[in-house]
Amino acid sequence: MSAARTLRVPGRHGYAAEFSPYLPGRLACAAAQHYGIAGCGTLLILDHSESGLRIFRSFDWNDGLFDVTWSENNEHVLVTCSGDGSLQLWDTAKATGPLQVYKEHTQEVYSVDWSQTRGEQLVVSGSWDQTVKVWDPTVEKSLCTFRGHESVIYSTIWSPHIPGCFASASDIVKASTSYSGSVANGRSENDKEKLVIQNLLVTGAVDCSLRGWDLRNVRQPVFELLGHTYAIRRVKFSPFHASVLASCSYDFTVRFWNFSKPDPLLETVEHHTEFTCGLDFSLQSPTQVADCSWDETIKIYDPACLTIPA
Ligand SMILES: *[C@@H]1O[C@H](CO)[C@@H](O)[C@H](O)[C@H]1NC(C)=O
């Protein structure tokens with residue numbers, strides 16, 4: 001692995017790292033003071049080049065920020081979510097605070113995602129209040145609220161291909177989800193049955209396992225990846241390599257997997273000294289990855305398993 005470019009952010013514990021879909025090398029990081037238990041939050045906008053990682057902008061919020069998602073129709077805009085139950089819309093072209101605050105959730109909002117399907121501009125949020133809400137960011141109030149989960153919601157993501165479909169992960173799977181290819185599992189207030197279903201969704205769990213699900217038949221997972229030694233915090237599919245995914249964990253590591261291989265663990269990256277919560281693949285470079293940890297660092301690097309052909 002080539003040397004990671006590291007940015008130290010004293011007093012800020014990283015929760016999410018997301019590459020800009022527009023600008024190569026631009027990364028957003030959602031962070032919280034005091035491990036997110038108390039204190040304020042910070043949204044960092046970073047630029048990465050040969051010379052390293054530097055802060056382009058920094059925005060503070062008066063509660064911890066737990067997740068961030070880039071707009072799919074405006075390169076300057078992002079949405080974050082917070083411990084105080086609110087979502088914030090930020091404009092990186094401006095130096096000051098959020099353009100809009102959306103306050104409906106009654107507890108911590110742990111997950112936020114902007115839809116990628118064409119023609120749709122919707123944000124989905126998942127909260128410890130056990131609800132999922134869908135928002136049109138141009139409207140202050142949510143469009144709809146989804147109930148059905150009986151516990152805290154840790155992850156909500158849109159299907160990258162089917163408009164209007166998202167998955168939400170709660171107690172059963174805890175932690176995190178990522179889609180490969182198409183489709184999702186939607187649940188609505190009026191329609192509690194699981195919808196749609198084809199293709200692959202992966203979940204990361206507190207039991208340290210990653211499981212791939214063919215959503216047409218969820219009786220049993222199509223693959224299981226074992227190796228993490230503490231709960232998995234986030235999981236992402238590579239946008240460039242069909243069967244490659246990465247996961248980060250409370251065991252401090254980031255692991256890279258190829259679920260098509262009999263021995264699927266490609267690499268274990270151990271460059272953090274605390275819970276590793278944020279993780280993303282670059283959308284421009286097939287080899288580049290970013291992560292962030294409660295150890296107050298954000299790293300961009302090119303893991304060997306992606307740079308050296310198998
Ligand atoms: C993943 O594994 C498959 C099957 O062994 C192989 O064809 C493919 O090249 C691998 N991809 C990467 C990026 O390692």
Check your understanding: Counting only residues that are assigned to a loop (DSSP other than H, G, I, E, B) and touching a Ser or Thr at 6+ places or on another chain (Cβ under 7 Å), which one in the range 295-310 is farthest from G36 (Cα to Cα)?
Key -> D302
Practice item. Would you be able to tell me the number of residues in the range 233-251 that are open to solvent by 30 Å² or more (accessible area, probe 1.4 Å) and near the ligand (Cβ under 9 Å from one of its atoms)? Key: 3
Exercise for review: Would you confirm whether any residue within the range 30-44 is open to solvent by 10 Å² or more (accessible area, probe 1.4 Å) and over 19 Å from V109 (Cβ atoms)?
Suggested key: no
Check your understanding: Could we say that S49 is touching a Ser or Thr at 6+ places or on another chain (Cβ under 8 Å) and surrounded by fewer than 16 Cβ atoms within 10 Å (Cβ to Cβ) here?
Key -> no
Check your understanding: Would you pick out the residues in the range 252-284 that are open to solvent by 20 Å² or more (accessible area, probe 1.4 Å) and either within 30 Å of G64 (Cβ to Cβ) or within 18 Å of the chain's Cα centre (by Cα) (or both)?
Key -> F252, R255, T268, E270, H271, T273, E274, F275, L283, Q284
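Matching residues to (1) over 20 Å from the mean Cα position of the chain (by Cα); (2) farther than 26 Å from T117 by Cβ:
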site	(1), (2)
A4	yes, yes
A28	no, no
T42	no, yes
H48	no, yes
Check your understanding: Tally time: how many residues in the range 260-298 are of a type in the set (A, V, I, L, M, F, W, C), more than 14 Å from the ligand (Cβ to nearest atom) and either modelled with pLDDT of 95 or more or within 27 Å of P221 (Cα to Cα) (or both)?
Key -> 8
Review point. If you check D67, D47, which single one turns out to be modelled with pLDDT of 95 or more, of a type in the set (D, E, K, R) and under 16 Å from Y110 (Cα atoms)?
Key: D67
**Study point:** Test result for L226, open to solvent by 30 Å² or more (accessible area, probe 1.4 Å), over 19 Å from A169 (Cα atoms) and out of contact with any Cys (no Cβ under 9 Å at 6 or more places or on another chain)
**Key:** no
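The values are calculated or read from the model by the stated rules, or taken from the named source; none is laboratory data. As the structure is a prediction and not an experimental result, all values here were calculated from the model. With ideal geometry, Cβ positions are generated from the backbone for all residues, glycine too; neighbour counts draw on all protein chains shown. Side chains included, ligands, DNA and RNA excluded: accessible areas come from the protein's heavy atoms. Shrake-Rupley method; radii C 1.70, N 1.55, O 1.52, S 1.80 Å.
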